[in-house]
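K.L.:
One structure is given below, represented as C-alpha cells, and several questions about it will come after.
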Amino acid sequence: MRILLSLLTAVGFLVPAAQPQAPPPAQAQSQAQAQPQAPPPQPQPPTKSAMESDPKGWQNLFADKTMKNWIRGPLGAAGQLRAGNMEEPSPWKMDPATGILLCEGDKVGHEWMRFATEMSDYVLHVEWRLTKVEGDPAYNSGVYVRSSADGKIWVQAQGTMAGGFLFGAVAGANGTTQRFNLRQSMFENRVKPAGEWNVYEVRAVGKQVTLWVNGAVTSDYKECETPSGFLGLEAEGYRVEYRNVQVKPIAEKR
C-alpha cells in the first residue's frame, strides 16, 4: 500500500498535505506590535509634603548635634567595619551651626548611620544633596526604612540621578529574604541635579511603603512583609549632605 501511494504521489495523482508556513518577517513583526502592552507608569498628581501639610507631631532626629542616638555600621561586603559612633574616625561629620550632616562617602566603602530606635509605622522626612563632581559619575546615596540592624533586611529609597525609587530585600517565607526593585515602575524622575537639595518623604504603614520626591509620589510598594525596623542614611562612594531629618509616627487602624 505504501509503495502504491508513493507511486501515485510521484506521478501527480496525490499531492502531499501542505505544511503550515511561518508568516513573513514583516507580518510577524506586525502581529507582535499588535499584542497589547502594559501602559507605562504615569506621573502622579503634585501634592504638598506631609511636613508642609501637617507640621505638628514631628521628631527632629538631628536635634542632638552630638548624634549620640545614631549608630554607624557596615553594609554589604564591608563587614570588616566595626560598628561605632561619630566619636571615632568617621566619614560622618555634623556641623552644629547649620545642622547639616556631611558624609564623605568617597572616602569609605559601603556603610550607613542608623537611628538607634526601631520603628514601625511613620513618615520619614529627609533633605539631601550630592556634591557635584566633574565627568559623568554614577552618583549614589539612599535613605533606609524598615531595615534590620545588620543591614541584611532593608528597604531603601534610592537617591541617584536615575531617579527616586524603592528597592530592597524584605523578609520572606521560612526565614528567607525576597528582593524587589521598583525602578522600572517609577512614576517619574523628580530627582534634582547634583548640587541641589532634594526632599524625600518615605511613608511606611503596614505593608505599604511609598516614596514622595520633590512634590509627588514616585514609587509605591505594597508587599512589605517587614513590619518594623531601623531607619538610616547611606554612604556609598560619593559625598552627600543630609539635613532636616524628621520622623512622625503614624497610628492607623489596618
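K.L.:
Along the positive direction of the dipole of the stretch 118-227 (beta-carbon charges: Lys, Arg +1; Asp, Glu -1; about the Cα centre), which of Asn214, Gly195, Ala162 reaches farthest?
P.N.:
Selected residue: Ala162.
K.L.:
What size of dipole, in debye to the nearest 20, comes out for the stretch 50-249 about its Cα centre when the only charges are +1 on Lys and Arg C-beta atoms and -1 on Asp and Glu C-beta atoms?
P.N.:
Working: 22 positive and 24 negative charges, 40 e Å.
It comes to approximately 180 debye.
K.L.:
Which order do the peptides 91-98, 151-158 take when ranked by the mean count of other beta-carbon atoms within 10 Å per residue, highest first? Mind showing how you got there, number by number?
P.N.:
On the way: 91-98: 13.6, 151-158: 22.1.
The peptides rank, most packed first, as 151-158, 91-98.
K.L.:
Treating each Cα of the stretch 50-249 as an identical point scatterer and ignoring solvent, apply the Debye formula and state log10 I(q)/I(0) at q = 0.13 Å⁻¹.
P.N.:
Listed by q, the Debye log ratios stand at -0.65.
K.L.:
For the pairs Lys132/Lys207; Lys93/Lys222; Lys48/Lys93; Lys132/Lys222; Lys65/Lys248; Lys56/Lys207, flag any whose C-alpha to C-alpha distance is greater than 29 Å.
P.N.:
Values: Lys132/Lys207 36 Å; Lys93/Lys222 35 Å; Lys48/Lys93 31 Å; Lys132/Lys222 34 Å; Lys65/Lys248 19 Å; Lys56/Lys207 25 Å.
Beyond 29 Å between Cα atoms: Lys132/Lys207; Lys93/Lys222; Lys48/Lys93; Lys132/Lys222.
Just so you know, all these numbers are worked out from the coordinates, no wet-lab data involved. The structure presented is a predicted model; accordingly, all values stated were derived computationally and were not measured. Here Cβ is always computed from backbone atoms with ideal geometry, including for glycine, and neighbour counts include all displayed protein chains.
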